[in-house]
Amino acid sequence: MTYFKLLRSRNKIFQPRRNYEHLVVISTYKEPTSLLISTIETIELQELSSSNVNHTLSFEKRTPDLTKKINELTVRLSGRFKRLIFTSHPYGLPGEIPGKCSNANHGIRESMARLHNAGVNTDELIVTTCDADTQFHPSFLNALAEQFGDCKDHYQSVFQSPLLYNWKLDEATVVTRACL
């Protein structure tokens, strides 16, 4: 069903909805900066990225070369988003299991607190979490805002983007395609 919906709307132009702010959170640990930049570039392509997108990179405190990565990303991403937030999840907090979920949880909570303190109405914020290797369609946030706005009770809803496995499957050999 999802593929038919995607096919049916492939030429649709989603109008930007300036009344919604987004928070896009990427949780990361040892991923190379080049991979993060590749993902972030697809967020930069979003139509309202500099005016409506708050972007968080949620690191684990034990990330190798953490300060260097944050400095490099700050230089590269400065001015590209409404707000750029870096969080660093402390290791070994009582009651927490180290891992991606704990990093994401910490990053979202800290980002929401910072945004709330900056005067952002966090009740109207659309939060998107993703992996460090996610590739966003250029109209993803416009389409998400449209779905969010049209939803009868968006406060009680979770939106799941389609999971598209096997990127570039058409470039794989026949044997590889058969095994996938």
Legend entry - Residue check for K61: open to solvent by less than 40 Å² (accessible area, probe 1.4 Å), over 17 Å from L23 (Cβ atoms), without any contact (Cβ under 8 Å) to a residue 60 or more places away in the chain and among the charged types (D, E, K, R): no
Legend entry - Residue list for region 6-56, filter: open to solvent by 50 Å² or more (accessible area, probe 1.4 Å), touching a residue at least 40 places away in the same chain (Cβ under 8 Å) and not in a loop (DSSP other than H, G, I, E, B): L6, L35
Inset, instruction - Pull up region 144-174, narrow it to residues that are modelled with pLDDT under 80 and polar (S, T, N, Q), then point me to the one that is least open to solvent (accessible area, probe 1.4 Å). - result: S161
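Tell me, please, whether a residue that is in a loop (DSSP other than H, G, I, E, B) and either hydroxyl-bearing (S, T, Y) or touching a Ser or Thr at 6+ places or on another chain (Cβ under 7 Å) (or both) can be found in region 86-103. Spell out the reasoning first.
Let us first name the residues in region 86-103 that are in a loop (DSSP other than H, G, I, E, B), namely 90-99.
Going one step further and asking which of them are either hydroxyl-bearing (S, T, Y) or touching a Ser or Thr at 6+ places or on another chain (Cβ under 7 Å) (or both), we end up with 91, 96.
There is at least one residue in region 86-103 that is in a loop (DSSP other than H, G, I, E, B) and either hydroxyl-bearing (S, T, Y) or touching a Ser or Thr at 6+ places or on another chain (Cβ under 7 Å) (or both).
Looking only at residues in region 78-131 that are acidic (D, E) and in contact with a Phe, Trp or Tyr (Cβ under 9 Å, 6 or more places away or on another chain), which one is surrounded by the most Cβ atoms within 10 Å (Cβ to Cβ)?
Start the filter on region 78-131 by keeping residues that are acidic (D, E), which leaves 96, 110, 123-124, 131.
Now restrict to residues that are in contact with a Phe, Trp or Tyr (Cβ under 9 Å, 6 or more places away or on another chain): 123-124.
On the way: D123: 7, E124: 12.
Among those residues, the one meeting the criterion is E124.
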Inset, instruction - Look through I70, I37, I43, I26 and report the one residue that is under 19 Å from S139 (Cβ atoms) and hydrophobic (A, V, I, L, M, F, W, C). - result: I43
Inset, instruction - Tally the residues that are of a type in the set (A, V, I, L, M, F, W, C), outside any loop (DSSP other than H, G, I, E, B) and touching a residue at least 24 places away in the same chain (Cβ under 8 Å), restricting the search to region 113-143. - result: 8
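The values are calculated or read from the model by the stated rules, or taken from the named source; none is laboratory data. Since the structure is predicted, the reported quantities are computational estimates derived from the model, not experimental observations. With ideal geometry, Cβ positions are generated from the backbone for all residues, glycine too; neighbour counts draw on all protein chains shown. Surface areas here come from the heavy atoms of the whole protein model, side chains and all, with no ligands, DNA or RNA. Shrake-Rupley method; radii C 1.70, N 1.55, O 1.52, S 1.80 Å.
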